[in-house]
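The values are calculated or read from the model by the stated rules, or taken from the named source; none is laboratory data. Being a predicted model, the structure only gives us computed values, none of them experimental. A quick note on method: Cβ atoms are made from the backbone with ideal geometry, for glycine too, and the neighbour counts reach across all protein chains shown.
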């Protein structure tokens, strides 16, 4: 069955042109991609969100014009009970009037096989940690075992015509004392490139990144691997967000993850969660940088109102 997709509704479309770069063609070729992450916002909540409410919220997000919606995960319900109804949520989504693509997180080959049964899903996301401790906590695998899983999932995804997004968790350091360095990140990127991975997102799982490190990691890897799309999945305190986003943009990053109102964080990281990047704050920072995303702001404001209900 073909993907049920059509055109985004034109009403309320806001495209603010605050600045014209010297090379307009280069600018247009490098449009910012926003990935909205309701899955990350919901997954650690102790109270179960009703399936119909989840679907209603994601359906609203699908009207905004985000490049991708990280909508759910195919993982053990014992590990992440909030996501046990991902397949049911998917069946309730209305994709006919949205160009947004769907991404589902998987933690093993079985989860990937389950996700790949659904034609509506465009991307699989796998959390590969550069911290041995966190890899064990998050997926119950060693790093080497996880790399083998990445290869298996990549092969399955290619057969199905899907794309694997690999998140480098603890990509800016870790709280466990495990080895970390920019050179270590470069080694991981090299291995993923050899597997044919086309999208890599650097994930600051516990909010340890500095603007200088963000700038360095993106600049070095974007220059070394121009055929790979690098993204930023940051968890941060709100007052530290702007310099981090500006550092990533300056270094050439065009892909950013966010969650409305900054809800969420990784429940496997440690007890005191650092929230996600608030999408509304991210949009304002992008506007300051002259990179206003083309979003339907009327629909976005409706999503903001609905978030107050979903996460109440």
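Restricting to the stretch 88-117, give me the number of residues that are surrounded by fewer than 16 Cβ atoms within 10 Å (Cβ to Cβ), farther than 21 Å from residue 148 by Cα and free of Cβ contacts under 8 Å to residues at least 40 places away in the same chain.
Going through the stretch 88-117 one residue at a time, the tally reaches 4.
Name the residues in the stretch 242-265 that are touching a helix residue (DSSP H, G or I) at 6+ places or on another chain (Cβ under 6 Å), closer than 26 Å to residue 186 by Cβ and part of a helix (DSSP H, G or I), would you?
243, 244, 245, 247, 248
Select, from 188, 172, the only residue that is in contact (Cβ under 8 Å) with a residue 40 or more places away in the chain, surrounded by 23 or more Cβ atoms within 10 Å (Cβ to Cβ), under 22 Å from residue 139 (Cβ atoms) and touching a strand residue (DSSP E or B) at 6+ places or on another chain (Cβ under 7 Å).
Numbers: 188 fails: surrounded by 23 or more Cβ atoms within 10 Å (Cβ to Cβ).
When all the criteria are applied, what remains is 172.
Quickly run through the stretch 223-241 and pick out the residues that are touching a strand residue (DSSP E or B) at 6+ places or on another chain (Cβ under 9 Å) and either under 22 Å from residue 147 (Cβ atoms) or crowded, with 24+ Cβ neighbours inside 10 Å (or both). I'd like the intermediate steps shown before the answer.
Applying the first criterion (touching a strand residue (DSSP E or B) at 6+ places or on another chain (Cβ under 9 Å)) to the stretch 223-241 yields 225, 228-236, 238, 241.
225, 228, 229, 230, 231, 232, 233, 234, 235, listed by residue number.
Name the residues in the stretch 41-50 that are surrounded by 15 or more Cβ atoms within 10 Å (Cβ to Cβ) and closer than 15 Å to residue 307 by Cα, would you? Break it down into steps so the answer makes sense when it comes.
To start, the set of residues in the stretch 41-50 that are surrounded by 15 or more Cβ atoms within 10 Å (Cβ to Cβ) comprises 41-45, 49.
41, 42, 43, 45, 49 - these are the residues of the stretch 41-50 that are surrounded by 15 or more Cβ atoms within 10 Å (Cβ to Cβ) and closer than 15 Å to residue 307 by Cα.
Of everything in the stretch 214-231, what is under 19 Å from residue 181 (Cβ atoms) and not in a helix (DSSP H, G or I)? Give them in sequence order.
Just the residues of the stretch 214-231 that are under 19 Å from residue 181 (Cβ atoms), to begin with: 214-225, 230.
225, 230, listed by residue number.
Residues of the stretch 247-268 being modelled with pLDDT under 95 and within 30 Å of residue 141 (Cα to Cα), which ones?
262, 263, 264, 265, 266, 267, 268
Give just the number: which of (1) surrounded by fewer than 22 Cβ atoms within 10 Å (Cβ to Cβ); (2) closer than 21 Å to residue 137 by Cβ; (3) modelled with pLDDT under 95; (4) touching a helix residue (DSSP H, G or I) at 6+ places or on another chain (Cβ under 9 Å) does residue 209 not satisfy?
(1)
Just checking, which of 305, 244, 261 is surrounded by fewer than 20 Cβ atoms within 10 Å (Cβ to Cβ) and touching a residue at least 12 places away in the same chain (Cβ under 8 Å)? Full working, then the answer.
On the way: 305 fails: touching a residue at least 12 places away in the same chain (Cβ under 8 Å); 244 fails: surrounded by fewer than 20 Cβ atoms within 10 Å (Cβ to Cβ).
Sole residue among the options that is surrounded by fewer than 20 Cβ atoms within 10 Å (Cβ to Cβ) and touching a residue at least 12 places away in the same chain (Cβ under 8 Å): 261.
The rows are residues; the columns are (1) modelled with pLDDT of 95 or more; (2) farther than 28 Å from residue 136 by Cβ.
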site: 25; (1), (2): no, yes
site: 33; (1), (2): yes, yes
site: 38; (1), (2): yes, no
site: 55; (1), (2): yes, yes
site: 59; (1), (2): yes, yes
site: 71; (1), (2): yes, no
site: 79; (1), (2): no, no
site: 88; (1), (2): yes, yes
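Within the stretch 275-291, track down each residue that is part of a helix (DSSP H, G or I) and touching a helix residue (DSSP H, G or I) at 6+ places or on another chain (Cβ under 7 Å).
Restricting attention to the stretch 275-291, the residues satisfying the condition of being part of a helix (DSSP H, G or I) are 279-288.
Across the stretch 275-291, the qualifying residues are 279, 280, 281, 282, 285.
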